[in-house]
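So the structure is just underneath, and the comments pick up after that.
The values are calculated or read from the model by the stated rules, or taken from the named source; none is laboratory data. Everything numeric in this text was worked out from a predicted model, so none of it was measured. Quick reminder, even Gly has a Cβ in these numbers, built from the backbone with ideal geometry, and neighbours come from all protein chains shown. Keep in mind that these areas ignore ligands, DNA and RNA; they rest on the heavy atoms of the full protein, side chains included. Shrake-Rupley method; radii C 1.70, N 1.55, O 1.52, S 1.80 Å.
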Amino acid sequence: MANKWIKHPLENRDALIKGWLKTLLEKEIVKGVVVPSLLPSGANAAQSLITDPAMLENTDPFAPVMAVSTAKIISKMTRLKPMEKPVAVLLRPCELRATIELTKLKQANLDNLLLIAMDCAGTFSVKTYTSLVQEGANFVEIERKLFAGEEDPLLRPVCQGCEWSVPDNCDITIAWHGLDESSFGLIAHTEKGEASLAEMEGEAWENGEEARAAAVEKWTNDKIAKRDAQFAELKERVSGVENLLKTYAACINCHNCMTVCPICFCKECFFDSAVFEFESDRFMDWSSARGNLRLPTDTLLFHIGRMNHMSTSCVACGMCQDACPNDIPVAQIFKMVGFNTQQRFDYVAGRSLDEPVPLADFREDELHEIGGE
Amino acid sequence: MSGNLKARRRVAILKTIFDTLGLESERVHLEWISASEGKKFADTVKKITEETKQQGPNPLAKHWSI
Ligand code: SF4
Ligand code: SF4
């Protein structure tokens, strides 16, 4: 198994990573690089596919924002046809986990992709990121504080309780955990990854594996405690008929949450299909039953239906919550529900390419308490 | 057979969602009844009807604003 551990001064991180990606393009080790670029207005950083090495200048690989999940982008680019030539993709852990789910769901293809993923301390919503840019925020300093364990109420709520700071299933990790605050690391996990790092010099990261394992364990335990506190608070706030109706009172059925979800890949959602088109009489009947009928109908049903269909693959990326115009804690609810539905099958979304998604799998010897037989 | 087993997973998921959201998962039922088991079908419907009566009206049904 390939395994290369090197480290560099943190202050050189942007330049080094850009330089490395540039070399990969120039030497034609890859034909393209998918990496966040700072848009010319400076108001947002969006994923972009770069083929001209000179364009790497404008990139911002560590911009703490996810405008669109990179998993969705990979799916768009590879679903009809896998990449023919190698392309490097920079991802955050939740984007990688969603990519793994989409690959298992046959909505993405990893052929020829060089997966480079970073340790992540969390991201800001686009809105917050834009205002931080305007204020001239020092993002490296913010990141340093976050990795030191400081809380930042501006961080997206799911990130605040995210236990998945470390990417798995990638060719290369850009590491933060396990080093002192003035360095960052590069770890190659695969032969492909190691080959791509061939030209990259760097100080050997001695005993990296142990130091990193300890740091990751501590970080993860802290975040699990935070997550459990979030679950407890959320459950109090949203569970039960009355609370649920209150939570979704502000829902305008725009389905943004579904549109931006990397896991919701159906071309047409069941809830937007002809099954949910009714003749006028039906509306009158429904209303007559109680004297009134909320319109459009089936607000809560849409959310429960979506949970039923995809919560077993929800990676808790938070995209749905960012997209909600009315600040409904959609992602936090999906994360809590998904945690429980996944646990039922001893499954973790995005953990491994080898575990089948729960809905495509079944066992004779399970779930006897549910009934049937 | 595999259809039944997959359906059982779906029901388990739905019950888990209901439990997480504080809804009554007892209202979700699963029984496997083959076309020849007329009596089992009748008994099951009866059992579910009785259980539902005991549970009382569905608290969601009284809301017009769901
Ligand atoms: S439901 Fe929300 S949190 Fe879960 S994968 Fe989809 S967008 Fe991400
Ligand atoms: S994005 Fe928000 S308002 Fe729109 S459907 Fe989803 S929960 Fe409702």
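Between A:Phe276, A:Phe345, A:Phe231, the Gaussian network model of chain A with springs among Cα atoms under 10 angstrom shows the greatest mean-square fluctuation at A:Phe276.
For a Förster distance of 35 Å, can you work out the FRET efficiency between the beta-carbons of A:Asp14 and A:Glu355, rounded to the nearest 0.05?
So, using R0 = 35 Å, E works out to roughly 0.45.
Using θ = phi - 60° in the Karplus curve 6.51 cos²θ - 1.76 cosθ + 1.60, the 3J(HN,Hα) couplings for region A:114-122 round to 9, 8, 10, 10, 10, 4, 10, 9, x Hz; x is entered for Gly and Pro.
Relative to its Kirkwood radius, the Cα radius of gyration of chain A gives an Rg/Rh of 0.99. Of the trypsin sites (Lys or Arg not before Pro) found in region A:318-371, those that fall in a DSSP loop while having at most 14 other beta-carbon atoms within 10 Å are A:Arg363.
Measuring between their Cα centroids, chain B and region A:21-61 lie 53 Å from each other.
Taken about its Cα centre, the protein assembly as shown carries a charge dipole of roughly 1360 debye when the Cβ of each Lys and Arg holds +1 and the Cβ of each Asp and Glu holds -1. Taking A:Thr103, A:Thr299, A:Thr173 as the candidate residues, the one with maximal mean-square fluctuation in a Gaussian network model of chain A, Cα springs under 10 Å, is A:Thr299. Binning the alpha carbon pair distances of region A:65-169 at 5 angstrom intervals from zero yields the distribution 2, 12, 20, 21, 16, 12, 10, 6, 1, expressed in whole percent.
Amide H to amide H, with H built 1.01 Å from N, A:Phe184 comes under 5 Å of A:His8, A:Leu10, counting only residues 5 or more places away or on other chains. Of all the options A:Cys94, A:Cys324, A:Cys254, the one that moves most in a Gaussian network model of chain A with Cα springs shorter than 10 angstrom is A:Cys254. How charged is the neighbourhood of A:Ser196? Take every other residue with its Cβ under 11 Å from the Cβ of A:Ser196, and add Lys/Arg as +1 and Asp/Glu as -1. The answer is -1.
Among the residues of B:57-66, the average count of other protein chain beta-carbon atoms within 10 Å of the residue beta-carbon is 5.
Rounded to the nearest 10 degrees, what's the angle between the helix B:2-20 long axis and the longest principal axis of chain B, both from Cα atoms, 0 to 90? With both axes taken from Cα atoms, the answer is about 20 degrees.
Which percent of the accessible area of the protein assembly as shown is formed by carbon and sulfur heavy atoms (probe 1.4 angstrom)? Within the protein assembly as shown, the accessible surface is 54 percent carbon and sulfur. Backbone amide hydrogens, once placed in the peptide plane, bring A:Val65 within less than 5 Å of A:Phe124, excluding anything fewer than 5 places away on its chain. With a 1.4 angstrom probe, the accessible area lost at the B-A interface totals about 3400 Å².
Counting, for every residue in A:325-337, the Cβ atoms of other protein chains within 10 Å of its Cβ and taking the mean gives 1. For A:Ile50, the amide hydrogen comes within under 5 Å of the amide hydrogens of A:Val33, A:Val34, A:Val35, counting only partners 5 or more places away or on other chains and with H modelled in the peptide plane. With 20 Å as the limit, the listed pairs A:Lys4/A:Lys192; A:Lys106/A:Lys267; A:Lys7/A:Lys223; A:Lys18/A:Lys218 have A:Lys7/A:Lys223; A:Lys18/A:Lys218 beyond it between alpha carbons. Within 10 Å of the Cβ of each residue in A:290-299, the mean number of Cβ atoms contributed by other protein chains is 2. Along the axis of the charge dipole computed for the protein assembly as shown (Cβ charges of +1 for Lys and Arg, -1 for Asp and Glu, origin at the Cα centre), the listed residues A:Asn253, A:Ser75, B:Pro59 are led at the positive end by B:Pro59. Checking every one of the trypsin sites (Lys or Arg not before Pro) in region A:203-285 against DSSP loop status and a limit of 11 other Cβ atoms within 10 Å picks out A:Lys267.
Judged by a Cβ-Cβ distance under 4.7 Å, the unpaired cysteines of the protein assembly as shown are A:Cys120, A:Cys159, A:Cys162, A:Cys170, A:Cys251, A:Cys254, A:Cys266, A:Cys269, A:Cys314, A:Cys324. I need to check one value: relative contact order of region A:5-230, counting alpha carbon pairs closer than 8 Å and at least 6 residues apart, in percent. Relative contact order comes out at 23 percent. If both residues of a DSSP beta bridge must be in the protein assembly as shown, then about 60% of such bridges are antiparallel.
State in Å² the accessible area per residue of region A:203-285; use a 1.4 Å probe, count heavy atoms of protein chains only, and round to the nearest integer.
62 Å²
In whole percents, the pair-distance distribution calculated for region B:3-57 from its alpha-carbon pairs, binned every 10 Å from zero, is 22, 41, 33, 4. Counting only DSSP beta bridges whose two residues both lie in region A:5-230, roughly 60 percent are antiparallel. Taken about its Cα centre, chain B carries a charge dipole of about 200 debye when Lys and Arg each add +1 at the Cβ and Asp and Glu each add -1 at the Cβ.
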